[in-house]
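To start, the structure under review is shown below, and the notes come after it.
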Amino acid sequence: MGRVRLAIALLLTSAVGAASFLPSTNAGNEGRHYSHRITVLNGEVVDHWTVADPAPCQSFGDGTLTVNFRFVKTKLVRLVLDPYHNGEPNNTFGSWVVGIPGPTGGIRDMPAQPATGTITLVDNTAQNPPLLGHSDCVPADKSGCGTFVLSRVAKSSISGYNRRFLKADLLDVQFAPRRGGCHVGLLSLFTERLAGGTRLGELLLRMPSVSTVAHRRVLIVTGTSHKLTSFPDCGSSNSCSDDVTRRVSVTFKHL
């Protein structure tokens, strides 16, 4: 009888451990159960840039690009650590999944969601004087500077990266003036090497333990990155720099 009880105990322990995971390939109703609602996703990227071109009438000084964004709507998801789901390249140990029902059962990664927000372009540059004896410089066009609402096609995503992190992104947002002129730095996308984060420029958000995710009523996950890059030559005789900071915060409410 002692051996039988031990075997039953081991089976129960295995079952409890397995309940902490849900493969994204599981079919049936289980994979369609939501566990959380994303009530808030907001983020920010700030690029404080500088430029210095010693040529006559060319620009020198600094400025700032600031983008703030957030989900348009809340979203129901299943937040689960899937031991069979590959996250980062060459990952064979599974990944967190921010999932929604799949078309044939189970769950799949939630696609990027509509985002809203603003982009602010500030250009504080001045111009070098003209060559001695030449006419005055043509004033720089700064008509495209200011604060504008993000395009309607803007989207933000939150997805699994591996067993320890989620990753966030901002898509379909142009980091440049839509019309008119305004000097900007070299940062053009939310995810690129100039932005910091991973070697590919991804912004990661550290996840807590499976137990914490399962039992915490409100879970707030955050990620930040910072990178300063200076270029002694970034076109012609320019020198320039980009000091980029990113932040994303996601709030999951347990159902």
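The values are calculated or read from the model by the stated rules, or taken from the named source; none is laboratory data. Model, not experiment: these values are computed from the prediction. Cβ coordinates were reconstructed from backbone atoms using ideal geometry, including for glycine residues, and neighbour counts include every protein chain displayed. What goes into the accessible areas is simple: the full protein's heavy atoms, side chains included, and nothing from ligands, DNA or RNA. Shrake-Rupley method; radii C 1.70, N 1.55, O 1.52, S 1.80 Å.
In the range 206-254, what trypsin sites (Lys or Arg not before Pro) fall in a loop by DSSP, with at most 11 other Cβ atoms inside 10 Å? Before the final figure, lay out each step's value.
Values: sites: R206, R216, R217, K227, R246, R247, K253; in loops: R216, R217.
Counting only loop positions with at most 11 other Cβ atoms within 10 Å, the trypsin sites (Lys or Arg not before Pro) in the range 206-254 are R217.
Can you run phi through the Karplus equation (6.51, -1.76, 1.60; θ = phi - 60°) for the range 208-216 and list ³J(HN,Hα) in whole Hz, with x for Gly and Pro?
Using θ = phi - 60°, the values come out as x, 5, 4, 4, 5, 4, 6, 10, 7 Hz.
Can you tally the net charge around T64? Count Lys and Arg as +1, Asp and Glu as -1, for every other residue whose Cβ sits under 10 Å from the Cβ of T64.
Taking every other residue near T64 into account, the sum is -4.
For a quick check of understanding: with a 1.4 angstrom probe and all protein chains in place, what accessible area in square angstrom does T74 have, to the nearest ten?
70
Within the set of other residues whose C-beta is less than 13 Å from the C-beta of S249, count the net charge using Lys and Arg as +1 and Asp and Glu as -1.
So the environment of S249 carries a net charge of +3.
List the residues whose amide H sits under 5 Å from the amide H of C57, counting only those 5 or more places along or on another chain, with H placed 1.01 Å from N in the peptide plane.
Residues meeting the amide H criterion: N128.
Report the accessible area of R37, computed with a 1.4 Å probe over the heavy atoms of all protein chains in place, in Å² rounded to the nearest 10.
90
Can you figure out the FRET efficiency of H215 with T104, using R₀ = 41 Å and their beta-carbon distance, to the nearest 0.05? Write down the numbers at each step before the final one.
Details: r = 31 Å, r/R0 = 0.76.
Efficiency computed from Cβ-Cβ geometry: 0.85.
Enumerate the lysines that K155 could reach by cross-link, defined here as Cα to Cα under 20 Å, with residues fewer than 8 away along the same chain left out.
Within reach: K73, K75, K167.
Report, by chain and number, residues whose modeled amide H sits under 5 Å from the one on T191, excluding near sequence neighbours (fewer than 5 apart, same chain).
Excluding prolines and chain starts, which carry no amide H, the hits are L170.
Report ³J(HN,Hα) in whole Hz for each residue of the range 194-207, in order, from the Karplus equation J = 6.51 cos²θ - 1.76 cosθ + 1.60 where θ = phi - 60°; Gly and Pro get x.
Once θ is set to phi - 60°, the couplings for the range 194-207 become 5, 8, x, x, 6, 5, 9, x, 6, 9, 9, 10, 6, 9 Hz.
List the chymotrypsin sites (Phe, Trp or Tyr not before Pro) within the range 33-133 that fall in a DSSP loop (any state other than H, G, I, E or B) and whose Cβ has at most 16 other Cβ atoms within 10 Å.
Working: sites: Y34, W49, F60, F69, F71, Y84, F93, W96; in loops: Y34, Y84, F93.
For chymotrypsin sites (Phe, Trp or Tyr not before Pro) across the range 33-133 that sit outside H, G, I, E and B with at most 16 neighbouring Cβ atoms in 10 Å, the list reads Y34, Y84, F93.
Which cross-chain or sequence-distant (5 or more) residues have an amide H under 5 Å from the amide H of R163, H modelled 1.01 Å from N in plane?
Placed amide hydrogens put W96 under 5 Å from R163.
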